[in-house]
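FYI, it's all coordinate maths here, none of it is from the lab. No experiment lies behind these values; they were computed from the predicted model shown. Here the Cβ is made from the backbone with ideal geometry for all residues, glycine too, and neighbour counts use every protein chain on show.
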Amino acid sequence: LDGEMLQGTLDLLILQTLALGPAHGHTIASVIERRSEEVLQVEHGSLYPALHRLEDRGWVSSFWGTSENNRKARFYRLTPPGRRQLATRASRWDEIVRAINRVLRPAGE
Amino acid sequence: MAWTRFFRRRFWDEERARELQTHLDIETAENMARGMAPEEARHAAHRKLGNPTLIREEIYRINSLVWLETLAQDLRHGVRLLGLSPGFALVAITSLALGIGANAAIFQLLDAVRLRNLPIPNPQELVEVKIVGGNRRMGVNPGPYGQLTRPIWREIREHQEAFSSLFAWAWGNVRVGQPTELRRASAIQVSGDFFRALGVPPWRGRLFLPEDEVGACPASKAVVSYSYWQYYMSGRDLDGDSKLIVNGAPTEVIGVTPPGFFGLAVGDNFEIAQPFCQPKELRHDVFDVSVMGRLRPGWTIPRASAELEAISPGIFAATAITEFADALEMYKRFRLGAYPASSGVSWLRTAYDTPLWLLLAISGLVLLLACVNLANLMMARASAREREMAVRLALGASRLRLFRQLLAECGLLTAIGAALGIAVAQLLSRVLVWALSTESMSVKLRVETNWRVLLFAVGVAALTCVLFGAAPAFRATRTEPITAMNVAGRGLTTGRGRFSLQRMLIVVQVAVSLVLLVGALLFVRSFRNLMTVDSGMRQAGIGIAVMGFEQSHVSRDRFEEFQRQLLDEVRSVPGVLGAATTTNVPLLGGLWNMGVGAHGSSMFTWVSPGYFDTMGIPLLMGRDFNANDTRTSPPVAIVNQAFVRDVLGGADPIGKTARTRAEPNYPSTLYEIVGVIPDTKYNDLRGERPAMAFVPASQFPELGPWAVMMIHSKAEPASTMTGIRRTIAKSHPEILFEYQVFQKLLRDGMVRERLMAMLSGFFGLLAALLAGVGLYGVISYIVARRRNEIGIRVALGAQQGQVVGMVMREAAWLLVIGLVIGTVSWLMVGRTAGSLLFELNVHDPLSLAGAAALLAVIAALASLLPARRASNLDPMVALRLD
């Protein structure tokens with residue numbers, strides 16, 4: 001998978017995580033890692049630029065809030081366009097996965 | 001979106017910095033909760049996040065428009081660099097500005113004079129009817145635009161089929177106002193269809209219609225140009241009272257032409273237009289009209305020419321000038337042709353065609369020089385910057401980035417040069433139009449900025465900069481940084497090959513400068529020759545007075561007596577030393593030729609007694625005219641030596657006779673020669689000294705109610721003029737009076753030479769200066785690169801003189817090769833200038849030698865400075881430094 005696709009995947013994962021509710025950067029990273037059962041390691045270095053880009057496009061919005069252990073942290077929240085984007089991208093992802101699976105395991109086997 | 005972020009990128013940067021810090025804090029806390037020591041926990045968090053600064057940079061990049069940002073950086077860097085070497089910047093920018101500006105200005109003038117179409121609808125349809133090959137100066141040719149006579153115009157209008165609309169117009173000056181305060185205005189007389197055919201709508205009132213030309217002369221209606229209306233009539237709306245007095249006749253102004261319409265003569269804007277009128281007797285020998293029209297749909301110029309040729313025999317037979325017996329056959333063989341006239345007509349075109357193209361060539365060479373100079377300077381800098389490039393590459397700059405920055409520097413130089421160039425062009429255009437104008441003939445041209453030419457010039461400059469500045473420097477980036485740094489730092493002598501291109505450019509510069517300087521010297525000397533040429537007569541202190549006494553109601557047989565009376569009054573004015581009437585003012589273009597004997601011919605001028613004394617022409621033999629030479633006394637003549645030689649065959653002239661051949665109103669007359677004067681110039685300072693005969697004014701067959709006087713005065717021209725005007729106005733207030741200063745008119749006639757001398761002189765000096773700067777730059781650079789070697793030579797005992805000699809020899813070679821190439825080029829291209837030179841050969845050795853000497857002096861100065869610097873080198877410093 002090329003860089004573009006990976007980046008797109010990270011965006012998708014972030015959007016999906018935020019669908020559960022507002023979260024700050026660190027939470028987003030840990031949630032993705034936990035739910036993928038530690039298979040997907042989010043590179044923290046690329047998380048923040050990705051968040052910035054998503055905000056730039058208007059798919060998430062951010063605000064300063066207080067974290068679970070009482071720290072000031074920047075929280076991100078899904079916007080309505082972001083929610084629509086998530087739906088499109090998720091179904092596109094499903095299509096790609098199905099397509100790849102069909103190639104890897106042809107029905108005749 | 002991106003734009004708002006772009007302007008808030010600093011805010012976002014701080015925001016993200018805080019956010020990243022929070023992230024680190026949380027991670028550290030979690031790590032500690034897992035049991036790590038605080039220090040270790042913090043390190044682990046940092047490791048996991050990576051370099052926060054890099055992350056911030058990435059986000060910053062998302063926010064900013066990268067190219068814009070780096071462009072701004074590059075430009076800032078460029079400005080700083082130029083500021084670091086102000087000498088380089090000054091020379092490069094000034095030479096570019098002058099090169100670009102001169103090209104644009106001269107092309108704009110050429111465009112305005114020659115190339116641009118008239119501001120009328122469909123100018124490309126306009127066609128002029130002319131005699132193929134011209135009328136061979138037959139008959140009377142009053143203006144620069146007259147091609148045909150009015151009878152010919154009437155015949156064409158009657159018989160032609162090629163044109164859907166056809167009109168005629170004549171150009172001339174009129175005098176507007178009361179006799180005491182006359183003002184000259186440039187005027188056109190037009191046929192009734194003129195404005196309709198041109199498609200010019202009225203701005204105010206109405207313009208002429210065909211029925212306007214049926215009235216008897218003088219015409220009682222006029223149309224004025226927009227600027228005349230604004231300036232002299234204060235732009236007031238027209239009514240029945242809008243009247244002017246044109247040539248003494250009350251004239252009603254019926255309309256105003258739109259702004260921008262200047263007539264058909266480029267450079268000679270009309271102020272007043274009057275319709276043709278019906279004279280008592282139509283002259284067949286005055287070629288004063290130009291006939292133009294629009295072709296019928298489907299007709300081409302060749303087809304129109306064929307049709308005109310077919311009707312020509314009939315037309316010329318019907319309009320024959322029967323009085324000119326010798327020329328009648330030639331006249332009947334004339335043929336008419338059609339010529340494109342989309343850009344109107346202009347005397348400037350014939351007078352300034354060669355000069356303008358020549359000036360364009362000169363300014364082209366100046367641009368070439370500016371570019372060569374720029375190339376040289378850029379290359380010197382580029383090699384000097386190899387080390388800088390190496391260092392920046394080693395520090396991680398990308399080559400693309402370095403290249404972009406070099407481009408930005410070029411862009412900066414050319415942009416500043418171009419901006420100044422545009423300013424120079426505007427200024428120079430104005431100076432040029434001003435230089436073309438004289439008091440008696442003001443040139444009005446609408447000079448427009450020609451963006452294509454500007455763009456071309458700027459493009460050439462930019463390309464030069466990139467090719468010679470950025471490219472070599474960029475090539476340097478291809479070598480390994482370490483090599484470049486070593487070579488630059490520890491170099492000994494750099495190979496000769498490295499500078500070969502720079503040397504070649506210097507040679508080109510010297511050669512081009514030589515060509516420009518020779519041209520400049522020739523034009524300046526030619527102008528000087530013309531200024532100081534001996535015309536054989538007095539020029540200083542001479543005034544020309546024209547007095548019209550039609551309103552004095554003097555009977556025809558008393559004209560001569562009245563003229564004498566006026567002369568006496570003029571002579572009584574304090575300061576006036578002499579005054580005489582003449583039928584032809586010398587040196588200002590007027591020409592009066594008559595056939596003498598069977599085949600000879602001579603110039604003829606009718607003058608009153610005292611003319612030769614007034615004009616400072618000595619009598620070599622015989623006597624001057626006197627009061628005894630009257631209308632009824634035997635005809636006598638005073639002739640010059642050329643007349644004696646050419647017409648009389650060199651014999652002792654006094655008492656000999658010569659018979660003129662008959663012309664309309666000038667019956668054949670037998671003149672007795674009573675005096676001889678030396679040869680003088682006739683109607684042009686640049687011209688020959690032809691055979692001339694002077695005869696008494698009292699014997700002039702066509703005396704009219706006017707007098708043209710040459711007046712010699714020791715007082716100031718202005719006070720002489722007021723003195724004479726006052727004296728005449730006291731006794732004859734009704735007389736029309738005009739006064740001009742002879743010398744001033746002569747100077748006005750040298751405008752072309754003055755312009756060429758001025759501009760070529762300026763550009764020649766500029767070229768020499770540029771060559772000097774270029775040579776200085778290259779020699780200093782070579783000296784700087786050879787510092788090590790020179791240091792060793794000095795350490796080994798070389799004398800100062802030897803070092804200076806070594807450097808100077810280098811420069812001398814370049815100079816000599818350049819001079820040789822320049823001389824050869826001049827011998828090849830110089831001929832074009834020949835037709836513009838007065839009493840000078842294009843290959844004048846003195847001018848060539850002078851130009852070469854001047855260049856040699858400049859070159860010597862330019863290389864002496866770096867040579868002396870080299871010889872003063874302290875070997876210890878030079879050797880230790882590298």
Exposure proxy ranking, count of Cβ atoms within 10 Å, fewest first, for B:Ile131, B:Ile188: B:Ile131, B:Ile188
Cβ-based exposure ranking for B:Cys217, B:Cys465, B:Cys277, in which fewest neighbours within 10 Å come first: B:Cys217, B:Cys277, B:Cys465
Among A:Leu15, A:Thr79, A:Leu104 - extreme Cα towards positive end, dipole of chain A, charges at beta-carbon: A:Thr79
5 angstrom amide H check on B:Ala693, placed H, neighbours 5+ away: B:Met603, B:Phe604, B:Thr605
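Rounded, prolate or oblate, given the Cα gyration tensor of region B:269-324, with a/c below 1.5 counting as rounded?
oblate
Return the equivalent ellipsoid semi-axes of region B:8-88 as a descending list in whole Å, where each equals the square root of 5 times an eigenvalue of the C-alpha gyration tensor.
Numbers: eigenvalues 343, 41, 15 Å².
Gyration-tensor ellipsoid for region B:8-88: 41, 14, 9 Å.
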Other-chain or far-sequence residues with amide H under 5 Å of B:Ser165's (modelled H): B:Arg294
Taking B:Leu420, B:Leu406, B:Leu68 and counting other C-beta atoms within 10 Å, the order from fewest to most: B:Leu68, B:Leu420, B:Leu406
Region B:513-525 - phi-based ³J(HN,Hα) in whole Hz, Karplus 6.51/-1.76/1.60, Gly and Pro as x: 4, 4, 4, 5, 5, 4, x, 4, 4, 4, 5, 5, 5
For region B:65-204: relative contact order, % (alpha-carbon pairs under 8 angstrom, 6 or more apart): 15 percent
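Just to be sure I follow: if Rg is taken over the C-alpha atoms of the protein assembly as shown and Rh is the Kirkwood radius over the same atoms, what is Rg/Rh? Don't jump to the answer; show the numbers that get you there.
Numbers: Rg = 43.1 Å, Rh = 36.9 Å.
We get a ratio of 1.17 for the protein assembly as shown.
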Mean residue ellipticity (222 nm) of chain B, computed from DSSP H runs ≥ 4 via -39,500 (n - 2.57), nearest 500: -17000 deg cm²/dmol
Rounded tilt (10° steps) of B:150-159 against the dominant C-alpha axis of chain B: 80 degrees
Net charge dipole size for the protein assembly as shown [Lys, Arg +1 and Asp, Glu -1 on Cβ; Debye, nearest 20]: 3120 debye
Separation in nanometres of the label points that stand 7 Å from Cα toward Cβ, at B:Ala320 and B:Arg196: 3.5 nm
Cα-based equivalent ellipsoid of region B:108-212: semi-axis lengths in Å, sorted from largest, via gyration tensor: 24, 20, 19
Per-residue mean of C-beta atoms belonging to partner chains within 10 Å, peptide A:41-54: 5
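Using a Förster radius of 35 Å, what is the FRET efficiency between B:Ala784 and B:Ala419 based on their Cβ-Cβ separation? Nearest 0.05, please.
Details: r = 32 Å, r/R0 = 0.91.
The calculated FRET efficiency here is 0.65.
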Chain B, relative contact order in percent, only Cα pairs under 8 angstrom and at least six apart counted: 15 percent
Estimated distance in nm for a label pair at B:Trp451 and B:Asp353, the labels positioned 7 Å out from Cα along Cα-to-Cβ: 3.2 nm
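Two decimals is fine: what's Rg over Rh for region B:674-790, C-alpha atoms, Kirkwood radius as Rh?
Values: Rg = 28.5 Å, Rh = 21.1 Å.
Ratio of gyration radius to Kirkwood radius: 1.35.
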Residues of type lysines that B:Lys221 reaches as a straight line, Cα spacing below 18 Å, ignoring anything fewer than 8 places off in the same chain: B:Lys243
Dipole of region B:232-304, positive direction: furthest Cα of B:Gly293, B:Leu238, B:Pro258, with charges on the beta-carbon: B:Gly293
Backbone N within region B:645-664 under 14 Å of label point (7 Å from B:Leu620 Cα along the Cβ vector): B:645-654
Under 5 Å, built H, 5+ apart or other chain: amide partners of A:Lys72: A:Ser67
For region B:624-669, convex hull of alpha carbons as volume per residue, Å³: 95 Å³
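When the dipole is taken about the Cα centre of chain B, and only Lys, Arg (+1) and Asp, Glu (-1) are charged at their Cβ, what size is it in debye, to the nearest 20?
Details: 90 positive and 74 negative charges, 698 e Å.
About 3360 debye.
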Cα-based reach from B:Lys714 at 17 Å (exclusive), listing lysines while leaving out same-chain residues under 8 positions away: B:Lys744
Residue-wise HN-Hα coupling along region B:568-578, computed from phi with Karplus coefficients 6.51, -1.76, 1.60 (Hz; x: Gly, Pro): 4, 5, 4, 5, 7, 6, x, x, 6, 9, x
Region B:529-542 - phi-based ³J(HN,Hα) in whole Hz, Karplus 6.51/-1.76/1.60, Gly and Pro as x: 4, 5, 5, 9, 4, 8, 7, x, 9, 6, 10, 6, x, 9
Extension reserve of the B:Leu861-B:Gln799 stretch, reckoned as 0.36 nm per residue once the Cα distance is removed: 20.3 nm
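For B:Lys332 and B:Asn117 in the same chain, what is the full-extension length gain: residue separation times 0.36 nm, less their Cα-Cα distance, in nm?
Difference between extended and current length: 74.0 nm.
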Those lysines that a straight Cα-Cα span of less than 23 Å connects to B:Lys332, excepting residues fewer than 8 apart in one chain: B:Lys130
Cα-Cα pairs of region B:338-456 separated by more than 21 Å (percent): 59 percent
Region B:560-658: relative contact order as a whole-number percent, Cα under 8 Å and 6+ apart: 21 percent
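Using only alpha carbon positions, build the gyration tensor of chain B, then give the equivalent ellipsoid semi-axes as the square roots of 5 times its eigenvalues, largest first, whole angstrom. Provide the component values of the computation, followed by the final result.
On the way: eigenvalues 1065, 294, 119 Å².
That gives 73, 38, 24 Å for the three semi-axes.
What is the extension gain from B:Ser442 to B:Arg809, computed as 0.36 nm multiplied by their sequence separation minus the C-alpha to C-alpha distance, in nm to one decimal?
Values: separation 367, 0.36 × 367 = 132.12 nm, distance 5.33 nm.
Taking 0.36 nm per residue and subtracting the Cα distance, the gain is 126.8 nm.
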